[in-house]
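Heads up: the structure comes next, in structure tokens.
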Amino acid sequence: MNQRPEHLTAREEQILRCIQRWIEEHGEGPSVRQLADDIGLSSTASVAYHLGNLEERGALVRDGRGWRTCRLVR
């Protein structure tokens, strides 16, 4: 499953764009708090929920335990 699913929500697409931009600018993925601040969510639990969904759907992969180690699947 190396293709991004086509049934992502607008919020999930926003998160993916943010992660892509962050990796390009900083060389690693954002923390959950940084991601929440960037997309305008106050709850890190909401961000973690969306990240989990994106991981389950194959849109991103973590190389370690944290989200900073995530890679986007193209």
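The selection criterion, being touching a residue at least 60 places away in the same chain (Cβ under 8 Å) and surrounded by fewer than 19 Cβ atoms within 10 Å (Cβ to Cβ), does not hold for Val61.
Name the residue that is most open to solvent (accessible area, probe 1.4 Å), counting only residues in region 64-74 that are in contact with an Asp or Glu (Cβ under 8 Å, 6 or more places away or on another chain) and part of a helix (DSSP H, G or I). Give the steps one after another, and end with the answer.
Keep residues of region 64-74 that are in contact with an Asp or Glu (Cβ under 8 Å, 6 or more places away or on another chain), which gives 68-71.
Cutting the leftovers down to part of a helix (DSSP H, G or I) gives us 68-69.
Numbers: Arg68: 90, Thr69: 56 Å².
Here the residue is Arg68.
Residues that are open to solvent by 30 Å² or more (accessible area, probe 1.4 Å), in contact (Cβ under 8 Å) with a residue 24 or more places away in the chain and touching a Leu at 6+ places or on another chain (Cβ under 7 Å) are absent from region 41-51. When Arg17, Arg11, Arg21 are screened for being part of a helix (DSSP H, G or I) and touching a helix residue (DSSP H, G or I) at 6+ places or on another chain (Cβ under 8 Å), only Arg11 passes. Every condition in (1) farther than 14 Å from Arg11 by Cβ; (2) modelled with pLDDT of 90 or more; (3) buried (at least 17 other Cβ atoms within 10 Å of the Cβ) is met by Ala36 except one, and the failing one is (1). Pairs are defined by a Cβ separation below 8 Å, a sequence spacing of at least 6 or placement on different chains, a first member in region 1-27 that is farther than 15 Å from Gly58 by Cβ and of a type outside the set (Asp, Glu), and a second member that is in a loop (DSSP other than H, G, I, E, B) and modelled with pLDDT of 90 or more; the pairs so defined are Cys18/Pro30; Trp22/Pro30. Remark: Asp63 matches the filter, which requires a residue to be of a type outside the set (A, V, I, L, M, F, W, C) and touching a strand residue (DSSP E or B) at 6+ places or on another chain (Cβ under 9 Å).
The values are calculated or read from the model by the stated rules, or taken from the named source; none is laboratory data. In this text the structure is predicted, and so the values were computed from the model without any measurement. Virtual Cβ from ideal backbone geometry, glycine too; neighbours counted across all protein chains shown. When the accessible area is computed, the model is the full protein with side chains, heavy atoms only, and any ligands, DNA or RNA have been set aside. Shrake-Rupley method; radii C 1.70, N 1.55, O 1.52, S 1.80 Å.
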